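S.K.: Got a structure for you, written out below as structure tokens; questions coming shortly.
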Amino acid sequence: MAVASGNGVKTAQNADQSEIVLSVRDVTVAIEDKLVLDKLSLDIERGEILGFVGASGAGKSVLLRTILGLMPKQSGTIRLFGVDVDKASEIERLRIDMRLGVLFQHGALFSALTVLENVQVPMREYLDLPKKLMDELAMLKVELVGLPPDAAQKFPSELSGGMIKRAALARALALDPDIVFLDEPTSG
């Protein structure tokens, strides 16, 4: 069996050289009385692309929010880049967060900010860069996702659904993350 990885196809010869960037072990999540994830385990290696397909309400977004620490789990362990997120220090968690990009299901853009300012949110949160450099980097991300340059000065209410999704993707890519989480990337 071959699994796509960043360096080509993984074979038995180089399987021991893989780097697991996300490890989920025996994670259980319940919402009220409903068990959503029951002892789920998975590993994702550097360069690997993994998609979850399932019916609405099957737990795909719950898994994403649990990995990101936005939803509590009842049991289990989540390790990002080899660090147990439950035991991570504040500085370790900050370093991990800087290596993650997230595109939420409905874009989750800030309505009072332009596309350019939305893309700059992670830069402002984690980096200390001059405004001119942030503007340049944000414009690169806007262009990277296929938005026209004039979209950068528009507010989310002035965008189509597809443009909102692209703007949200530009924000998810703002810090050149090691892992990008895409929740419903093809909707809208």
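The values are calculated or read from the model by the stated rules, or taken from the named source; none is laboratory data. Computed from a predicted model, the values in this text were never measured in an experiment. All Cβ positions, even for glycine, are placed from backbone atoms using ideal geometry, and neighbour counts span all protein chains on display.
S.K.: Return yes when PHE110 is among the aromatic types (Phe, Trp, Tyr) and more than 30 Å from ASP86 (Cβ to Cβ) and no when it is not.
M.R.: The answer is no for PHE110.
S.K.: Name the residue that is nearest to the chain's Cα centre (by Cα), counting only residues in the range 18-33 that are in a loop (DSSP other than H, G, I, E, B) and under 21 Å from ALA58 (Cα atoms).
M.R.: My answer is GLU32.
S.K.: Next question, about the same structure. Hey, GLU48 hits all of (1) modelled with pLDDT under 90; (2) not in a strand (DSSP E or B) but one; which does it fall short on?
M.R.: Just one mismatch for GLU48, condition (1).
S.K.: Somewhere in the range 151-166, is a residue exposed (fewer than 14 other Cβ atoms within 10 Å of the Cβ) and within 20 Å of LEU100 (Cα to Cα)?
M.R.: No: the range 151-166 contains no residue that is exposed (fewer than 14 other Cβ atoms within 10 Å of the Cβ) and within 20 Å of LEU100 (Cα to Cα).
S.K.: Of everything in the range 20-43, what is touching a residue at least 24 places away in the same chain (Cβ under 8 Å), surrounded by fewer than 16 Cβ atoms within 10 Å (Cβ to Cβ) and not polar (S, T, N, Q)? Give them in sequence order.
M.R.: Listed by number, the residues that qualify are ILE20, ARG25, ASP26, ALA30, ILE31, LYS39.
Results for (1) modelled with pLDDT under 95; (2) surrounded by 17 or more Cβ atoms within 10 Å (Cβ to Cβ); (3) over 23 Å from ILE20 (Cα atoms), shown as yes or no for each residue.
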residue: SER61; (1), (2), (3): yes, yes, no
residue: SER75; (1), (2), (3): no, no, no
residue: ARG79; (1), (2), (3): no, yes, no
residue: GLU92; (1), (2), (3): no, no, no
residue: ALA108; (1), (2), (3): yes, no, yes
residue: LEU137; (1), (2), (3): no, yes, yes
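S.K.: Something else now. Is it the case that the range 125-134 has a residue that's surrounded by fewer than 15 Cβ atoms within 10 Å (Cβ to Cβ), at pLDDT 95 or above, more than 24 Å from GLY47 (Cβ to Cβ) and of a type in the set (Asp, Glu)?
M.R.: no
S.K.: For residues that are touching an Asp or Glu at 6+ places or on another chain (Cβ under 6 Å) and at pLDDT 50 or above, tally how many sit in the range 2-18.
M.R.: Here the count works out to 1.
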